[in-house]
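Q: Would you mind keeping the following structure in view while I ask a few things?
The values are calculated or read from the model by the stated rules, or taken from the named source; none is laboratory data. Just so you know, these numbers come straight off a predicted model, no measurement behind them. For neighbour counting, all protein chains shown are included, and Cβ atoms are generated from backbone atoms with ideal geometry for every residue, glycine included. Areas reflect the complete protein model, heavy atoms only, side chains present, ligands, DNA and RNA absent. Shrake-Rupley method; radii C 1.70, N 1.55, O 1.52, S 1.80 Å.
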Amino acid sequence: TKNTKVRPLNEVERKYISKFRSHKTLEDCRLGARMRSSLADKNKTEGISLYYYQQLAINSWEQANMVGMLSMATGTGKTITALFAIRSLIESGRSVLIVVPSKILLNQWYNSIRNIYPSVPIFLVGGGHNWKSEPRKRMFVSQTPLPRIILATMSTAATNDFIQFFQQAVNPVLVADE
């Protein structure tokens, strides 16, 4: 910004910061950067690419047989990471249910899904959407190789009507936000 001033580090600051350095030389640092770049390139979709830590999180989740929890700081891209993690499950035609705590998050997830999977049908449940009258709803729980995602608020997903409906899905995938 206009009022930002940059100054060199003094010797005391330099020495203190060096304790946190993970690389001894610039070449060591470059190797780490190259590794992170190649991990990020592994998952790219329509101009969206993962940061290396997101790919590492996906790798860990896959090594745990696709069971686990993403525990990442606010703003680090948990939604994007989760959507890339379940890519193969979506593409294989498994019923995917994503539950979120609020209408705001329902809209945010919807936009993220649309950006990453523009052609995958999304069934909106809750948040003002009348899911019971949706004529295509059976498609989202039937055995079909077609990709599809059910995006629901937790309050609606917890109702007896929705539970009864979703129990028709064979081998479903659950993603829960917060």
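Q: Identify, by number, the condition in (1) surrounded by 11 or more Cβ atoms within 10 Å (Cβ to Cβ); (2) modelled with pLDDT under 75; (3) charged (D, E, K, R) that residue 24 doesn't meet.
A: (1)
Q: Still on this model: Considering only residues of the range 164-174 that are outside any loop (DSSP other than H, G, I, E, B) and either in contact (Cβ under 8 Å) with a residue 12 or more places away in the chain or open to solvent by less than 70 Å² (accessible area, probe 1.4 Å) (or both), which is farthest from residue 97 (Cα to Cα)?
A: 165
Q: How many of the residues making up the range 83-110 are of a type in the set (S, T, N, Q) and under 12 Å from the mean Cα position of the chain (by Cα)?
A: Going through the range 83-110 one residue at a time, the tally reaches 1.
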